[in-house]
Amino acid sequence: MTTQNPVLVIGATGKTGARVAARLAALGHPHRGVSRRSEPAFDWEKPETWAPALEGMKSAYITYVPDLAAPEAQENIRRFAEAAKSAGLKKLVLLSGRGEHGAEVSEDRIRQSGLDFTIVRASWFNQNFDEGFFHSSILDGVIALPAAKRVEPFIDVEDIAEVAVAALLDDKHNGETYEVTGPRLLTFADAAAEIAAASGLPVSYVPIDGATFHAALLPAVGPEIADLMTNLCAEVFDGRNERLSDGVQRALGRPPRDFSDYVKAAAARGAWRKAA
Ligand SMILES: NC(=O)c1ccc[n+]([C@@H]2O[C@H](COP(=O)([O-])OP(=O)(O)OC[C@H]3O[C@@H](n4cnc5c(N)ncnc54)[C@H](OP(=O)(O)O)[C@@H]3O)[C@@H](O)[C@H]2O)c1
């Protein structure tokens, strides 16, 4: 990997990281995709794994798990940026979350790193419905969230990956914060109705309170993540995110992909088909 600008992709098996790595591969651009299962492995909880992953890289796409709103995230991001600088990286592209105070503090750690940077600050992913946490409950016919009747401009992770790759490969995006959303505001009931119509599954949205959401999460993810996700929902579903942003248009010169196109393509692929 001695050619120009090799890119470290963190979370390369995840919803955005896999697509960033695939786009770089399609362009023939040198990159190293890492996660806890790669060789070398990269683990946010094991700082000793960071330097081997960074070696020989010139830029990085950063996804932080479990979320930039986690209490330890800002210090980890600061230390990672420092390690990246020591390793000779020139540019960092950070995936951030819209309307999250903790994420904005982590964004500042990247801005203060002294390296070139682009922030890609995203709304709720379309692909949460077929690749993420909600997939199995959708197969059971329910999207249960403490989101009341809030509207959200769901974004396609293909758009996020395209913006991230543009930022990684073209210096004209340096210093930008792209707030990326889809082109339409939908309620979760609207989203459920579109998924139901395209998939044939009887899916509906059930608004629940934070305590019910927390109790449902607890057995699957434990208290720390249940607290984090419940607090995060209270923050991002307080009305602050009920608006569109123009990040995709500004970064790529075209409008973002529409939710209906995502739903039709996922349904056609069998994303919500129940196993026989
Ligand atoms: N989902 C949304 O709607 C949304 C919206 C805005 C922003 N975001 C942000 O998106 C980020 C999540 O990105 P994503 O959706 O691409 O993730 P994802 O699909 O959940 O994938 C997570 C990736 O991180 C890796 N990973 C898990 N634990 C790790 C650890 N301790 N150290 C290093 N890697 C680890 C996973 O691979 P291994 O299991 O192999 O390690 C996987 O590659 C979060 O920071 C979140 O704030 C999400």
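The values are calculated or read from the model by the stated rules, or taken from the named source; none is laboratory data. Please read all numbers here as calculations on a predicted model, not as lab measurements. Note that we place each Cβ from the backbone using ideal geometry, even for glycine, and neighbour counts take in every protein chain shown. Heavy atoms of the whole protein, side chains included, go into the accessibility calculation; ligands, DNA and RNA do not. Shrake-Rupley method; radii C 1.70, N 1.55, O 1.52, S 1.80 Å.
Applying a threshold of 9 Å to beta carbon distances and a minimum spacing of six or more residues, or different chains, the list of pairs starting in the stretch 120-133 at a residue that is within 6 Å of the ligand (Cβ to nearest atom) and ending at one that is in a loop (DSSP other than H, G, I, E, B) and among the hydrophobic types (A, V, I, L, M, F, W, C) reads Trp124/Phe154; Phe125/Phe154; Asn128/Phe134; Asn128/Phe154.
Looking only at residues in the stretch 17-38 that are near the ligand (Cβ under 7 Å from one of its atoms) and in contact with a Ser or Thr (Cβ under 6 Å, 6 or more places away or on another chain), the one that is least open to solvent (accessible area, probe 1.4 Å) is Gly17. Evaluation of His101 against the conditions (1) within 9 Å of the ligand (Cβ to nearest atom); (2) within 21 Å of the chain's Cα centre (by Cα) shows that the sole unmet condition is (1).
Looking across the stretch 255-276, the residues that are free of Cβ contacts under 8 Å to residues at least 12 places away in the same chain and open to solvent by less than 60 Å² (accessible area, probe 1.4 Å) come down to Ala265, Gly270. Which of the residues belonging to the stretch 145-164 are in contact with a Leu (Cβ under 7 Å, 6 or more places away or on another chain), open to solvent by 10 Å² or more (accessible area, probe 1.4 Å) and not acidic (Asp, Glu)? Result: Val151, single match.
A quick yes/no check of all residues on (1) farther than 24 Å from Thr212 by Cβ; (2) among the aliphatic types (A, V, I, L, M):
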| position | (1), (2) |
| --- | --- |
| Ile138 | no, yes |
| Ala144 | no, yes |
| Ala147 | no, yes |
| Val151 | no, yes |
| Ile155 | yes, yes |
| Asp159 | yes, no |
| Ala164 | yes, yes |
| Glu176 | yes, no |
| Ala192 | no, yes |
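So that you can scan it fast, the table gives a plain yes or no per residue for (1) of a type in the set (Gly, Ala, Ser); (2) in a helix (DSSP H, G or I):
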{"residue": "Ala193", "(1), (2)": "yes, yes"}
{"residue": "Ala196", "(1), (2)": "yes, yes"}
{"residue": "Ala216", "(1), (2)": "yes, yes"}
{"residue": "Pro223", "(1), (2)": "no, yes"}
{"residue": "Ala226", "(1), (2)": "yes, yes"}
{"residue": "Leu232", "(1), (2)": "no, yes"}
{"residue": "Pro255", "(1), (2)": "no, no"}
{"residue": "Asp261", "(1), (2)": "no, yes"}
{"residue": "Trp272", "(1), (2)": "no, no"}
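The listed residues are Gly175, Gly182, and the only one of them that is over 18 Å from Gly11 (Cα atoms), more than 15 Å from the ligand (Cβ to nearest atom) and at pLDDT 95 or above turns out to be Gly175. Going through (1) out of contact with any Gly (no Cβ under 9 Å at 6 or more places or on another chain); (2) open to solvent by 50 Å² or more (accessible area, probe 1.4 Å); (3) of a type in the set (A, V, I, L, M) one by one, Leu168 falls short only on (2).
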